[in-house]
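Single-structure report; data block below.
The values are calculated or read from the model by the stated rules, or taken from the named source; none is laboratory data. In this text the structure is predicted, and so the values were computed from the model without any measurement. Don't worry about glycine lacking a Cβ; one is built from the backbone with ideal geometry, like all the others, and counts go over all protein chains shown. When the accessible area is computed, the model is the full protein with side chains, heavy atoms only, and any ligands, DNA or RNA have been set aside. Shrake-Rupley method; radii C 1.70, N 1.55, O 1.52, S 1.80 Å.
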Amino acid sequence: MINKITDFRLALLDWYRHNQRSLPWRTEPSLYRTVVSEFMLQQTQIKTALPYFERWMERFPDFTTLADADSEVVLKHWEGLGYYNRARNLHKVAQWMRDSEVVPDTVEAWKALPGIGDYTGAAIASIAQGVPAAVVDGNVVRVLARLTNEQTSFSNNGKAVDFFKDLANELLDQASPGDANQAMMEIGATVCTKGNPKCTLCPLQKFCRGFADGSVSELPKIQRAKREKVRLYRGLAVDQKKILLHKIDSEAKRLKGHFEIPSLECLKLTEDSKQVEAVSVRRRAISNQSIEEHLFRVDTEGLSIDGKGALNWIDFSEINSILLSGPHRRWLMEYLGISTNT
Ligand code: SF4
(Lines give C-alpha, C1' and ligand atoms only; values in the text may rest on other atoms or scores of the structure.)
Protein backbone atom coordinates (compact mmCIF):
# COMPACT_ATOMS: atom_id res chain seq x y z
CA MET A 1 0.00 0.00 0.00
CA ILE A 2 1.16 3.50 -0.69
CA ASN A 3 1.23 5.97 2.17
CA LYS A 4 0.43 9.62 1.68
CA ILE A 5 -2.20 9.07 -1.00
CA THR A 6 -2.99 12.77 -1.29
CA ASP A 7 0.67 13.60 -1.99
CA PHE A 8 0.83 10.78 -4.52
CA ARG A 9 -2.25 12.05 -6.39
CA LEU A 10 -0.93 15.61 -6.44
CA ALA A 11 2.49 14.55 -7.73
CA LEU A 12 0.95 12.41 -10.46
CA LEU A 13 -1.53 15.05 -11.65
CA ASP A 14 1.02 17.84 -11.51
CA TRP A 15 3.43 15.82 -13.64
CA TYR A 16 0.66 14.95 -16.13
CA ARG A 17 -0.50 18.53 -16.51
CA HIS A 18 3.01 19.60 -17.44
CA ASN A 19 4.17 16.57 -19.41
CA GLN A 20 1.21 14.99 -21.18
CA ARG A 21 1.60 14.31 -24.87
CA SER A 22 -0.50 16.49 -27.11
CA LEU A 23 -3.00 14.08 -28.70
CA PRO A 24 -6.01 15.02 -30.82
CA TRP A 25 -8.53 13.43 -28.48
CA ARG A 26 -7.01 15.46 -25.62
CA THR A 27 -6.66 18.82 -27.35
CA GLU A 28 -10.25 18.73 -28.69
CA PRO A 29 -12.03 16.39 -26.26
CA SER A 30 -15.56 15.13 -26.77
CA LEU A 31 -17.44 11.96 -25.87
CA TYR A 32 -17.33 10.77 -29.48
CA ARG A 33 -13.59 11.37 -29.84
CA THR A 34 -12.93 9.56 -26.55
CA VAL A 35 -15.00 6.56 -27.66
CA VAL A 36 -13.26 6.36 -31.05
CA SER A 37 -9.78 6.74 -29.55
CA GLU A 38 -10.43 4.09 -26.90
CA PHE A 39 -11.63 1.60 -29.53
CA MET A 40 -8.59 2.32 -31.70
CA LEU A 41 -6.18 2.01 -28.78
CA GLN A 42 -7.56 -1.33 -27.58
CA GLN A 43 -4.89 -3.23 -29.50
CA THR A 44 -2.90 -0.51 -31.24
CA GLN A 45 -0.14 1.82 -30.13
CA ILE A 46 -0.78 5.57 -30.09
CA LYS A 47 1.69 6.40 -32.85
CA THR A 48 0.07 3.87 -35.19
CA ALA A 49 -3.46 4.98 -34.35
CA LEU A 50 -2.86 8.74 -34.78
CA PRO A 51 -3.12 9.03 -38.61
CA TYR A 52 -6.14 6.69 -38.59
CA PHE A 53 -7.82 8.82 -35.95
CA GLU A 54 -7.34 12.02 -38.00
CA ARG A 55 -8.70 10.38 -41.18
CA TRP A 56 -11.59 8.86 -39.24
CA MET A 57 -12.61 12.24 -37.84
CA GLU A 58 -12.60 13.80 -41.30
CA ARG A 59 -14.84 11.08 -42.72
CA PHE A 60 -16.97 10.32 -39.60
CA PRO A 61 -16.98 13.48 -37.44
CA ASP A 62 -19.75 12.32 -35.07
CA PHE A 63 -21.79 9.34 -33.90
CA THR A 64 -24.59 9.94 -36.42
CA THR A 65 -22.32 10.16 -39.48
CA LEU A 66 -20.62 6.97 -38.42
CA ALA A 67 -23.92 5.25 -37.62
CA ASP A 68 -25.33 6.12 -41.06
CA ALA A 69 -22.25 4.95 -42.99
CA ASP A 70 -22.18 1.71 -44.92
CA SER A 71 -20.30 -1.03 -43.06
CA GLU A 72 -17.95 -1.59 -46.03
CA VAL A 73 -16.94 2.09 -45.87
CA VAL A 74 -16.38 1.85 -42.12
CA LEU A 75 -14.16 -1.22 -42.52
CA LYS A 76 -12.26 0.43 -45.36
CA HIS A 77 -11.34 3.34 -43.04
CA TRP A 78 -10.18 0.85 -40.43
CA GLU A 79 -8.05 -1.07 -42.89
CA GLY A 80 -4.51 -1.57 -41.59
CA LEU A 81 -5.42 -1.26 -37.90
CA GLY A 82 -6.36 -4.95 -37.70
CA TYR A 83 -8.74 -6.62 -35.23
CA TYR A 84 -11.69 -5.56 -37.39
CA ASN A 85 -14.29 -6.54 -34.81
CA ARG A 86 -13.36 -3.29 -33.10
CA ALA A 87 -14.59 -1.37 -36.16
CA ARG A 88 -17.78 -3.43 -36.39
CA ASN A 89 -18.49 -2.89 -32.70
CA LEU A 90 -17.68 0.83 -32.86
CA HIS A 91 -20.15 1.09 -35.77
CA LYS A 92 -22.81 -0.66 -33.64
CA VAL A 93 -22.10 1.64 -30.69
CA ALA A 94 -22.58 4.67 -32.98
CA GLN A 95 -25.91 3.24 -34.19
CA TRP A 96 -26.95 2.67 -30.60
CA MET A 97 -26.02 6.26 -29.71
CA ARG A 98 -27.94 7.59 -32.73
CA ASP A 99 -31.08 5.63 -31.86
CA SER A 100 -31.07 5.88 -28.08
CA GLU A 101 -32.59 8.66 -26.04
CA VAL A 102 -30.14 8.22 -23.19
CA VAL A 103 -26.35 8.41 -23.06
CA PRO A 104 -24.69 5.73 -20.90
CA ASP A 105 -23.04 7.40 -17.91
CA THR A 106 -21.72 4.55 -15.77
CA VAL A 107 -19.09 1.90 -16.44
CA GLU A 108 -21.78 -0.79 -16.29
CA ALA A 109 -23.99 1.05 -18.81
CA TRP A 110 -21.06 1.41 -21.24
CA LYS A 111 -20.20 -2.26 -20.78
CA ALA A 112 -23.68 -3.19 -22.02
CA LEU A 113 -22.66 -1.92 -25.50
CA PRO A 114 -20.78 -4.07 -28.04
CA GLY A 115 -17.00 -4.30 -27.75
CA ILE A 116 -16.80 -2.46 -24.42
CA GLY A 117 -15.31 -4.29 -21.44
CA ASP A 118 -14.02 -3.21 -18.03
CA TYR A 119 -11.07 -1.29 -19.41
CA THR A 120 -12.79 0.62 -22.23
CA GLY A 121 -15.90 1.25 -20.11
CA ALA A 122 -13.83 2.78 -17.29
CA ALA A 123 -11.72 4.78 -19.74
CA ILE A 124 -14.71 6.33 -21.54
CA ALA A 125 -16.69 7.00 -18.36
CA SER A 126 -13.76 8.54 -16.48
CA ILE A 127 -12.17 10.56 -19.30
CA ALA A 128 -15.31 11.87 -20.99
CA GLN A 129 -17.74 11.96 -18.08
CA GLY A 130 -15.66 12.27 -14.90
CA VAL A 131 -16.84 8.95 -13.43
CA PRO A 132 -14.38 7.83 -10.71
CA ALA A 133 -13.42 4.42 -12.14
CA ALA A 134 -9.80 3.33 -12.46
CA VAL A 135 -8.49 1.85 -15.70
CA VAL A 136 -5.87 -0.84 -15.44
CA ASP A 137 -3.88 -1.92 -18.47
CA GLY A 138 -0.38 -3.36 -18.91
CA ASN A 139 1.22 0.05 -18.34
CA VAL A 140 -0.68 0.63 -15.10
CA VAL A 141 0.11 -2.88 -13.87
CA ARG A 142 3.82 -2.22 -14.42
CA VAL A 143 3.74 1.08 -12.51
CA LEU A 144 1.74 -0.34 -9.59
CA ALA A 145 3.82 -3.51 -9.31
CA ARG A 146 6.98 -1.42 -9.10
CA LEU A 147 5.51 1.18 -6.75
CA THR A 148 4.44 -1.55 -4.32
CA ASN A 149 7.39 -3.89 -4.99
CA GLU A 150 4.81 -6.63 -5.58
CA GLN A 151 6.58 -10.00 -5.74
CA THR A 152 3.56 -12.16 -6.68
CA SER A 153 4.08 -14.09 -9.90
CA PHE A 154 0.98 -13.84 -12.13
CA SER A 155 0.11 -16.56 -14.64
CA ASN A 156 -1.10 -13.99 -17.18
CA ASN A 157 -1.87 -10.29 -17.73
CA GLY A 158 -5.54 -10.67 -16.88
CA LYS A 159 -4.72 -12.01 -13.41
CA ALA A 160 -2.32 -9.11 -12.80
CA VAL A 161 -4.96 -6.58 -13.94
CA ASP A 162 -7.53 -8.08 -11.55
CA PHE A 163 -5.00 -8.05 -8.71
CA PHE A 164 -4.22 -4.33 -9.05
CA LYS A 165 -7.78 -3.04 -9.64
CA ASP A 166 -8.56 -2.29 -6.00
CA LEU A 167 -5.29 -0.45 -5.47
CA ALA A 168 -5.79 1.55 -8.69
CA ASN A 169 -9.24 2.63 -7.48
CA GLU A 170 -7.89 3.53 -4.06
CA LEU A 171 -5.20 5.74 -5.59
CA LEU A 172 -7.51 7.36 -8.16
CA ASP A 173 -8.05 11.07 -7.70
CA GLN A 174 -11.82 11.35 -7.25
CA ALA A 175 -12.02 14.93 -8.50
CA SER A 176 -10.07 14.33 -11.74
CA PRO A 177 -10.40 10.62 -12.54
CA GLY A 178 -9.94 11.09 -16.28
CA ASP A 179 -6.66 12.95 -15.91
CA ALA A 180 -5.51 10.61 -13.13
CA ASN A 181 -6.16 7.54 -15.30
CA GLN A 182 -4.43 9.05 -18.30
CA ALA A 183 -1.53 10.11 -16.07
CA MET A 184 -0.95 6.57 -14.83
CA MET A 185 -1.03 5.20 -18.38
CA GLU A 186 1.22 8.02 -19.58
CA ILE A 187 3.78 7.42 -16.81
CA GLY A 188 3.81 3.73 -17.76
CA ALA A 189 4.22 4.49 -21.45
CA THR A 190 6.87 7.19 -21.20
CA VAL A 191 8.67 7.03 -17.82
CA CYS A 192 8.11 3.69 -16.08
CA THR A 193 8.83 1.80 -19.27
CA LYS A 194 9.49 -1.93 -19.59
CA GLY A 195 13.18 -1.52 -20.35
CA ASN A 196 15.24 1.38 -18.96
CA PRO A 197 12.66 3.07 -16.74
CA LYS A 198 13.59 6.72 -16.16
CA CYS A 199 13.45 6.57 -12.35
CA THR A 200 15.63 9.66 -11.92
CA LEU A 201 13.00 11.72 -13.78
CA CYS A 202 9.99 10.03 -12.23
CA PRO A 203 7.59 12.16 -10.15
CA LEU A 204 6.61 9.02 -8.20
CA GLN A 205 10.11 8.01 -7.16
CA LYS A 206 9.69 9.00 -3.53
CA PHE A 207 6.65 6.69 -3.25
CA CYS A 208 8.30 3.80 -5.09
CA ARG A 209 9.24 0.72 -3.04
CA GLY A 210 10.61 -1.11 -6.06
CA PHE A 211 13.06 1.73 -6.63
CA ALA A 212 14.07 1.77 -2.96
CA ASP A 213 14.55 -1.98 -3.04
CA GLY A 214 16.46 -2.03 -6.34
CA SER A 215 14.04 -4.57 -7.81
CA VAL A 216 12.49 -2.46 -10.58
CA SER A 217 13.89 -4.48 -13.49
CA GLU A 218 12.29 -7.71 -12.20
CA LEU A 219 8.79 -6.25 -11.91
CA PRO A 220 6.04 -7.02 -12.69
CA LYS A 221 6.35 -10.79 -12.50
CA ILE A 222 4.07 -12.11 -15.22
CA GLN A 223 4.56 -15.44 -16.97
CA ARG A 224 4.69 -14.96 -20.71
CA ALA A 225 2.39 -17.18 -22.79
CA LYS A 226 4.20 -19.19 -25.42
CA ARG A 227 3.37 -18.07 -28.93
CA GLU A 228 2.12 -20.71 -31.35
CA LYS A 229 4.22 -20.76 -34.53
CA VAL A 230 2.27 -20.75 -37.80
CA ARG A 231 3.83 -21.05 -41.25
CA LEU A 232 1.85 -20.13 -44.38
CA TYR A 233 2.71 -20.33 -48.08
CA ARG A 234 1.13 -17.77 -50.41
CA GLY A 235 1.15 -17.32 -54.16
CA LEU A 236 1.45 -14.08 -56.13
CA ALA A 237 -0.09 -14.77 -59.53
CA VAL A 238 -0.05 -11.76 -61.88
CA ASP A 239 -1.47 -11.65 -65.38
CA GLN A 240 -1.73 -8.50 -67.51
CA LYS A 241 -2.08 -5.94 -64.73
CA LYS A 242 -4.36 -8.21 -62.72
CA ILE A 243 -3.56 -10.18 -59.61
CA LEU A 244 -5.30 -13.21 -58.27
CA LEU A 245 -6.71 -12.64 -54.78
CA HIS A 246 -8.77 -14.77 -52.44
CA LYS A 247 -11.94 -13.38 -50.85
CA ILE A 248 -12.35 -14.56 -47.27
CA ASP A 249 -15.72 -16.09 -46.47
CA SER A 250 -18.29 -13.79 -44.84
CA GLU A 251 -18.74 -16.36 -42.06
CA ALA A 252 -15.01 -16.57 -41.29
CA LYS A 253 -13.83 -15.75 -37.76
CA ARG A 254 -11.25 -13.22 -38.89
CA LEU A 255 -11.12 -10.72 -41.77
CA LYS A 256 -14.52 -11.73 -43.12
CA GLY A 257 -15.16 -10.20 -46.56
CA HIS A 258 -11.51 -9.13 -46.95
CA PHE A 259 -9.28 -10.11 -49.83
CA GLU A 260 -5.92 -11.75 -49.18
CA ILE A 261 -2.99 -13.14 -51.10
CA PRO A 262 -4.14 -16.73 -51.76
CA SER A 263 -2.48 -19.72 -50.17
CA LEU A 264 -0.63 -22.03 -52.57
CA GLU A 265 -3.05 -24.70 -51.47
CA CYS A 266 -6.12 -22.78 -52.57
CA LEU A 267 -4.52 -22.05 -55.97
CA LYS A 268 -4.72 -25.77 -56.69
CA LEU A 269 -1.61 -25.65 -58.84
CA THR A 270 -1.53 -28.05 -61.75
CA GLU A 271 1.63 -29.77 -62.95
CA ASP A 272 2.10 -26.98 -65.58
CA SER A 273 1.85 -24.16 -63.08
CA LYS A 274 3.98 -25.71 -60.38
CA GLN A 275 6.78 -23.34 -61.19
CA VAL A 276 6.94 -21.16 -58.18
CA GLU A 277 9.76 -18.88 -57.22
CA ALA A 278 10.42 -17.71 -53.67
CA VAL A 279 9.97 -13.93 -53.30
CA SER A 280 10.26 -13.20 -49.58
CA VAL A 281 9.41 -14.32 -46.08
CA ARG A 282 7.34 -12.01 -43.86
CA ARG A 283 7.00 -12.39 -40.13
CA ARG A 284 4.43 -10.90 -37.80
CA ALA A 285 2.70 -11.61 -34.51
CA ILE A 286 -1.03 -11.62 -33.93
CA SER A 287 -2.36 -12.23 -30.39
CA ASN A 288 -0.66 -15.47 -29.33
CA GLN A 289 0.52 -16.53 -32.78
CA SER A 290 3.81 -15.88 -34.43
CA ILE A 291 3.18 -16.09 -38.17
CA GLU A 292 5.71 -16.66 -40.90
CA GLU A 293 4.33 -16.10 -44.41
CA HIS A 294 6.36 -17.32 -47.37
CA LEU A 295 5.51 -15.47 -50.59
CA PHE A 296 6.05 -17.10 -53.98
CA ARG A 297 5.70 -15.81 -57.50
CA VAL A 298 3.44 -18.25 -59.29
CA ASP A 299 3.64 -18.94 -62.99
CA THR A 300 0.12 -18.35 -64.31
CA GLU A 301 0.48 -20.71 -67.25
CA GLY A 302 -1.64 -23.69 -66.55
CA LEU A 303 -3.62 -21.97 -63.77
CA SER A 304 -7.24 -22.89 -64.40
CA ILE A 305 -8.95 -20.10 -62.45
CA ASP A 306 -12.15 -18.59 -63.86
CA GLY A 307 -12.07 -15.53 -61.59
CA LYS A 308 -15.42 -16.38 -60.03
CA GLY A 309 -16.07 -17.72 -56.53
CA ALA A 310 -13.50 -17.06 -53.82
CA LEU A 311 -10.56 -16.52 -56.20
CA ASN A 312 -10.83 -13.29 -58.18
CA TRP A 313 -8.64 -11.56 -60.76
CA ILE A 314 -8.35 -7.99 -59.45
CA ASP A 315 -7.20 -5.19 -61.71
CA PHE A 316 -4.28 -3.19 -60.24
CA SER A 317 -6.45 -0.05 -60.46
CA GLU A 318 -9.00 -1.63 -58.09
CA ILE A 319 -6.57 -2.61 -55.35
CA ASN A 320 -6.94 0.68 -53.48
CA SER A 321 -10.69 0.34 -53.27
CA ILE A 322 -11.02 -3.27 -52.11
CA LEU A 323 -10.75 -4.46 -48.49
CA LEU A 324 -7.36 -6.02 -47.87
CA SER A 325 -5.62 -6.84 -44.63
CA GLY A 326 -2.98 -4.19 -43.82
CA PRO A 327 0.13 -6.41 -44.15
CA HIS A 328 -1.13 -7.99 -47.38
CA ARG A 329 -1.75 -4.57 -48.89
CA ARG A 330 1.78 -3.48 -47.97
CA TRP A 331 3.36 -6.61 -49.41
CA LEU A 332 1.29 -6.41 -52.59
CA MET A 333 2.08 -2.76 -53.19
CA GLU A 334 5.73 -3.47 -52.68
CA TYR A 335 5.70 -6.48 -54.99
CA LEU A 336 3.72 -4.73 -57.72
CA GLY A 337 5.60 -1.44 -57.29
CA ILE A 338 2.45 0.67 -57.02
CA SER A 339 1.57 3.34 -54.52
CA THR A 340 -1.33 3.18 -52.07
CA ASN A 341 -3.02 6.24 -53.55
CA THR A 342 -3.18 5.43 -57.24
FE1 SF4 B 1 8.64 3.33 -12.22
FE2 SF4 B 1 11.08 4.07 -11.44
FE3 SF4 B 1 9.02 5.72 -11.17
FE4 SF4 B 1 9.21 3.59 -9.63
S5 SF4 B 1 10.60 5.34 -9.69
S6 SF4 B 1 7.38 4.30 -10.66
S7 SF4 B 1 10.08 2.14 -11.06
S8 SF4 B 1 9.88 4.98 -13.11
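Within segment 123-137, identify whether any single residue is in contact (Cβ under 8 Å) with a residue 60 or more places away in the chain and open to solvent by less than 10 Å² (accessible area, probe 1.4 Å), and answer yes or no.
Yes.
All but one of (1) more than 10 Å from the ligand (Cβ to nearest atom); (2) open to solvent by 30 Å² or more (accessible area, probe 1.4 Å); (3) over 30 Å from GLY337 (Cβ atoms) hold for VAL238; which doesn't?
(3)
Residues checked against (1) touching a residue at least 40 places away in the same chain (Cβ under 8 Å); (2) under 20 Å from the mean Cα position of the chain (by Cα):
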{"position": "PRO51", "(1), (2)": "no, yes"}
{"position": "MET57", "(1), (2)": "no, yes"}
{"position": "PHE60", "(1), (2)": "no, yes"}
{"position": "ASP70", "(1), (2)": "no, no"}
{"position": "GLY80", "(1), (2)": "yes, yes"}
{"position": "TYR83", "(1), (2)": "yes, yes"}
{"position": "ARG86", "(1), (2)": "yes, yes"}
{"position": "LYS92", "(1), (2)": "no, yes"}
{"position": "GLU101", "(1), (2)": "no, no"}
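Just to be sure, is GLU150 out of contact with any helix residue (DSSP H, G or I) (no Cβ under 6 Å at 6 or more places or on another chain), outside any helix (DSSP H, G or I) and under 18 Å from GLU170 (Cβ atoms)?
When the stated conditions are applied, GLU150 passes them.
Among TRP78, TRP96, which is assigned by TED's automatic domain parsing to the domain that holds GLN42, open to solvent by less than 40 Å² (accessible area, probe 1.4 Å) and of a type in the set (Phe, Trp, Tyr)?
Answer to the selection: TRP78.
Hey, ALA180 hits all of (1) of a type outside the set (Asp, Glu); (2) within 16 Å of the ligand (Cβ to nearest atom); (3) without any contact (Cβ under 8 Å) to a residue 24 or more places away in the chain but one; which does it fall short on?
Against the list (1) of a type outside the set (Asp, Glu); (2) within 16 Å of the ligand (Cβ to nearest atom); (3) without any contact (Cβ under 8 Å) to a residue 24 or more places away in the chain, ALA180 comes up short only on (3).
How many of the residues making up segment 28-47 are modelled with pLDDT of 95 or more and assigned to a helix (DSSP H, G or I)?
10
Considering (1) more than 17 Å from SER217 (Cβ to Cβ); (2) outside any helix (DSSP H, G or I), say which one ALA168 fails and leave the rest.
The failed condition is (2).
If only one of PHE154, PHE163 is of a type in the set (Phe, Trp, Tyr), touching a Ser or Thr at 6+ places or on another chain (Cβ under 9 Å), assigned by TED's automatic domain parsing to the domain that holds PHE8 and away from the ligand (no atom under 16 Å from the Cβ), which one is it? It would help to see each step written out before you state the result.
Details: PHE154 fails: touching a Ser or Thr at 6+ places or on another chain (Cβ under 9 Å).
Answer to the check: PHE163.
Among residues belonging to segment 270-287 that are modelled with pLDDT under 80 and open to solvent by 40 Å² or more (accessible area, probe 1.4 Å), point out the one that is nearest to LYS229 (Cα to Cα).
Only one residue fits best here, namely SER287.
Tell me yes or no: at least one residue of segment 221-235 is within 8 Å of the ligand (Cβ to nearest atom) and open to solvent by less than 30 Å² (accessible area, probe 1.4 Å).
No: segment 221-235 contains no residue that is within 8 Å of the ligand (Cβ to nearest atom) and open to solvent by less than 30 Å² (accessible area, probe 1.4 Å).
Among the residues that make up segment 10-20, is at least one of them surrounded by fewer than 18 Cβ atoms within 10 Å (Cβ to Cβ), assigned by TED's automatic domain parsing to the domain that holds ILE124 and free of Cβ contacts under 8 Å to residues at least 24 places away in the same chain?
Yes: one or more hits.
Please enumerate the residues belonging to segment 185-210 that are touching a helix residue (DSSP H, G or I) at 6+ places or on another chain (Cβ under 7 Å), near the ligand (Cβ under 10 Å from one of its atoms) and either touching a residue at least 24 places away in the same chain (Cβ under 8 Å) or open to solvent by 20 Å² or more (accessible area, probe 1.4 Å) (or both).
Scanning segment 185-210 gives ILE187, GLY188, CYS192, PRO197, CYS199, PRO203, LEU204, GLN205, PHE207, CYS208, ARG209, GLY210.
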